[in-house]
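The structure appears right after this line, and notes come after that.
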Amino acid sequence: MDANFWHERWQQGQIGFHQPDVHPSLPRYWPALDLRPGSRVLVPLCGRSLDMVWFAGRFHPVLGVELSPIAAAGFFAHESLTPLRDTHGPFELYAGGRYEILQGDFFDLAREEVGAIHGCYDRAALIALPPPMRQRYAAHLGKLLVPGTRGLLVTLEYPQDKMDGPPFCVPVDEVHALFERDFKVELLERRDVLAANARFAERGLDYLYEGVFRLDRR
Ligand SMILES: C[S@@+](CC[C@H](N)C(=O)[O-])C[C@H]1O[C@@H](n2cnc3c(N)ncnc32)[C@H](O)[C@@H]1O
């Protein structure tokens, strides 16, 4: 999955991953992370996710990172905000309201550039990446976040031989193997969400488990 793949998906409006509602894991599990209002949240590979709006509604400044300028601009347009734009190293920074989106490659992000981060949220970021990139992603997240940072990770599991990713199947064991060096990993929930995702049933899947994990940076 190179950058062009994602740029084309956004150009062609093939964004079936975009959800019209806030993901249910946020109201269900985020409060237990006990992050105070004002705690800043990193959202890697953020797309134009409305989950960022949920964070802002709880007084969390949000730092999203996203390759696509269409996604970054689309997010602010949807929120009726006109972002200030500035060049920030290899990134284009879009800033408005409680939101900052660094438009560029997540793997180019350095710890000095992110500033203070207290929380992290990954829905459809890890599972958007093929296996070798998942290792890079987990290691990079470990480098960006300081000890004490906590967050949620939402994954999918399905019979990978029935469908090519993305999204990719990332089993529970793989999540532990990827993150356990830098994070305490706790599986909070794992349930079959196939009935609510007709587009996956149409592609021949007979199960689709969604996993929600809590990650605590050691
Ligand atoms: C499956 S989508 C999920 C978006 C969002 N998390 C959501 O829940 O709607 C993955 C997103 O990651 C972006 N992306 C892929 N590779 C990236 C990279 N290396 N750096 C930043 N963004 C990337 C894509 O453009 C796409 O918007």
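The rows are residues; the columns are (1) more than 10 Å from the ligand (Cβ to nearest atom); (2) free of Cβ contacts under 8 Å to residues at least 12 places away in the same chain; (3) in contact with a Pro (Cβ under 6 Å, 6 or more places away or on another chain).
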| site | (1), (2), (3) |
| --- | --- |
| Y29 | yes, no, no |
| L35 | yes, no, no |
| V41 | yes, no, no |
| A56 | yes, no, no |
| P61 | yes, no, no |
| A72 | no, no, no |
| F76 | yes, no, yes |
| L109 | no, no, no |
| V114 | yes, no, no |
Working only within the stretch 80-106, note down all residues that are within 12 Å of the ligand (Cβ to nearest atom), touching a Phe, Trp or Tyr at 6+ places or on another chain (Cβ under 8 Å) and open to solvent by 30 Å² or more (accessible area, probe 1.4 Å). Q103
For the structure I just gave you, tell me whether R85 is in contact with a strand residue (DSSP E or B) (Cβ under 9 Å, 6 or more places away or on another chain), over 24 Å from E113 (Cβ atoms) and not hydrophobic (A, V, I, L, M, F, W, C). no
What number of residues within the stretch 196-218 are touching a strand residue (DSSP E or B) at 6+ places or on another chain (Cβ under 7 Å), open to solvent by 40 Å² or more (accessible area, probe 1.4 Å) and under 13 Å from E157 (Cα atoms)? 2
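The values are calculated or read from the model by the stated rules, or taken from the named source; none is laboratory data. Note that the structure is predicted; figures quoted are calculated from it, not measured. For neighbour counting, all protein chains shown are included, and Cβ atoms are generated from backbone atoms with ideal geometry for every residue, glycine included. Note: accessible area is taken over every heavy atom of the protein model, side chains too, but ligands, DNA and RNA are not part of it. Shrake-Rupley method; radii C 1.70, N 1.55, O 1.52, S 1.80 Å.
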